[in-house]
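First up is the structure itself, then whatever we jot down about it.
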Amino acid sequence: MNPFKNPIFMSKVLKSYLFDIDRLWRLNEYDLQKYKDKHLKKMVRFAYTVPVYHDKYKKAGVHPKDIEGIKDIKKLPLISKDEIKKYYPEGIISSKIRREQLIEVSTSGTTGKSLSIYVDMFDIVMGLFGYLRTLKEYGINWRKDKITIIGDFASHTAESGYITRGLVPQLKLDFLLKNIQWLNTNDKPSKLIEEIDRFKPVFIGGYVGMLGHLAVLKEKGYGKNIRPRYIASTGSLLDKNLRKFIEETFDAFVFEAYGATESGPIAFQCRDGKYHIMSDLVHLEFLKDGKKVSSGEPGNLVITKLFGNGTPIIRYDAINDIVSPLYEECDCGLSGDLIAKIYGRDDLSLLLSNGKLLLPSSFGEIFSKILYKLKANKIKDVKIIQQSLTKIEIQVVIDEELRNLGPSVEEIFSILKQGFQEKVGPQVEIFTKEVKKIDKQKPRIISKVDRSKLKITGYI
Ligand SMILES: [Zn+2]
């Protein structure tokens, strides 16, 4: 049965549509903690009906009744990507839920290790509400104002699961969606800018790379009617210079939204620029060698999702993001915890001979220079291979249509080389190489360095 035609489900959706969006404004810290405790207990009980968690908890000698709330979360063992993979498909859904009610989504294959999990329609709605909440912070009326969302609608992704396979075909709530334009980030920037120009949104949400491309086009005179008030970037880290370039080009305020396929929305930046965790939807832990880090100190992100009837995500340690918490309060009045900095995926990082880990936040800084400095968007694809501790190869695919426009390929290569050199120091040799094609199924960042012999001493 279509859950959106089910009156019980619909009333659940409407209830959440009225209350969930506002929760972080409505609840004080104490009530939010109580809310989290209640939902964690519920999720752990639910997870106990899911074979992968059931077996794991049994083995660890922990039972749902041992978990009274967030304070007990450490009693639960961490779960890895491989464990979930091992139990896929039947073992990662609850014996109480029928598989037909669920939608399968996969994480992106940037590392070559993609993971399939299940989500339900409620997850899908909550995912969207998480997004709408960020709009509320900026005074955008998501029922009236025109909103453009540029998602990754490749067939396997969460967004395609959420939107094209889940929400849009089934949801008859036209009022919710008629002012929303959905675009596909896999389309050409030149095509997207024309469509956005016709739609004239007040808000644009999209991936960092695509927003950068659109800003370059806008700067060149395309999309004259595009005048959004706000732009949200997602997917990877937004370098501060690229942010400035996008803000100035569109004359709009840019903020970041942070999420993951496995968990849905995680955090967003408020008007004061602080990253607020959607603490009613997820609980985050920041660990280093199994211990909680201090405020501002980078740690491995461990995530627990507090809702949903699909594959539970409880103390999941494989988002692989390095993130530092901020144990402070923000003046903006939102409840919930804060993040100081998101460094990016540590499985997409390069380990240098001094023990420093070069994280995606650095790659972002280097590559975004091509956009904001050279105003060039002719890089179509890129792959980084660390051949050894002293040798890094950068493979670049150049867009043939743009090859002879603007700055030369040599100029682009020299900016990349210089950017990497500044980060890794003179002892590492940087090679740039133009290639015709990069296999999209294979990892984009590869390190041939054996990490077991080195100790990580810090992050770049
Ligand atoms: Zn704030």
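The values are calculated or read from the model by the stated rules, or taken from the named source; none is laboratory data. Keep in mind that this is a model prediction, so the values were computed, not measured. In this analysis, Cβ positions are derived from the backbone assuming ideal geometry, glycine residues included, and neighbour counts consider all displayed protein chains.
Given 55, 20, which one is surrounded by 13 or more Cβ atoms within 10 Å (Cβ to Cβ) and within 27 Å of the chain's Cα centre (by Cα)?
The conditions single out 20.
Go through the residues of the range 367-390 one by one and say whether even a single one is charged (D, E, K, R) and crowded, with 21+ Cβ neighbours inside 10 Å. Talk me through it step by step, then tell me what you get.
Of the residues in the range 367-390, the ones charged (D, E, K, R) are 369, 373, 375, 378, 380-381, 383.
Cutting the leftovers down to crowded, with 21+ Cβ neighbours inside 10 Å gives us 378.
Yes: one or more hits.
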> Any residue at all in the range 287-305 that is modelled with pLDDT of 90 or more, surrounded by 21 or more Cβ atoms within 10 Å (Cβ to Cβ), under 19 Å from residue 32 (Cβ atoms) and within 16 Å of the ligand (Cβ to nearest atom)?
Replying inline: no
>> Could you go through the range 318-335 and let me know if any residue there is more than 16 Å from the ligand (Cβ to nearest atom), crowded, with 16+ Cβ neighbours inside 10 Å, within 30 Å of residue 121 (Cα to Cα) and among the acidic types (Asp, Glu).
In response: yes
>> So, in the range 340-349, exactly how many residues are surrounded by 22 or more Cβ atoms within 10 Å (Cβ to Cβ) and over 13 Å from the mean Cα position of the chain (by Cα)?
In response: 1
> Just for the range 251-285: of the residues that are in a loop (DSSP other than H, G, I, E, B) and among the acidic types (Asp, Glu), which one is modelled with the highest pLDDT?
Replying inline: 251
> Which numbered condition trips up residue 236, out of (1) farther than 19 Å from residue 363 by Cβ; (2) under 18 Å from the mean Cα position of the chain (by Cα)?
Replying inline: (1)
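With the structure loaded, tell me whether residue 245 is in contact with a Lys or Arg (Cβ under 7 Å, 6 or more places away or on another chain) and buried (at least 17 other Cβ atoms within 10 Å of the Cβ) or whether it fails that test. Walk me through it before giving the result.
Details: in contact with a Lys or Arg (Cβ under 7 Å, 6 or more places away or on another chain): no; buried (at least 17 other Cβ atoms within 10 Å of the Cβ): yes.
No.
Within the range 270-283, track down each residue that is surrounded by fewer than 21 Cβ atoms within 10 Å (Cβ to Cβ) and either away from the ligand (no atom under 16 Å from the Cβ) or in contact (Cβ under 8 Å) with a residue 60 or more places away in the chain (or both). Explain how you work it out, then say what you get.
Of the residues in the range 270-283, the ones surrounded by fewer than 21 Cβ atoms within 10 Å (Cβ to Cβ) are 270-274.
Once the filter is applied, which keeps residues that are surrounded by fewer than 21 Cβ atoms within 10 Å (Cβ to Cβ) and either away from the ligand (no atom under 16 Å from the Cβ) or in contact (Cβ under 8 Å) with a residue 60 or more places away in the chain (or both), the range 270-283 yields 270, 271, 272, 274.
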> Give me the pairs: first residue in the range 221-236 and assigned by TED's automatic domain parsing to the domain that holds residue 206 and at pLDDT 95 or above, second residue in a loop (DSSP other than H, G, I, E, B) and crowded, with 22+ Cβ neighbours inside 10 Å, beta-carbon distance under 7 Å, and six or more apart or on different chains, which are they?
Replying inline: 228/201
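Among the residues of the range 336-358, what is the count of those that are more than 16 Å from the ligand (Cβ to nearest atom) and not in a loop (DSSP other than H, G, I, E, B)?
11
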> What about residue 207, is it closer than 30 Å to residue 119 by Cβ, at pLDDT below 90 and either crowded, with 19+ Cβ neighbours inside 10 Å or in the same structural domain as residue 23 (by TED's automatic domain parsing) (or both)?
Replying inline: yes
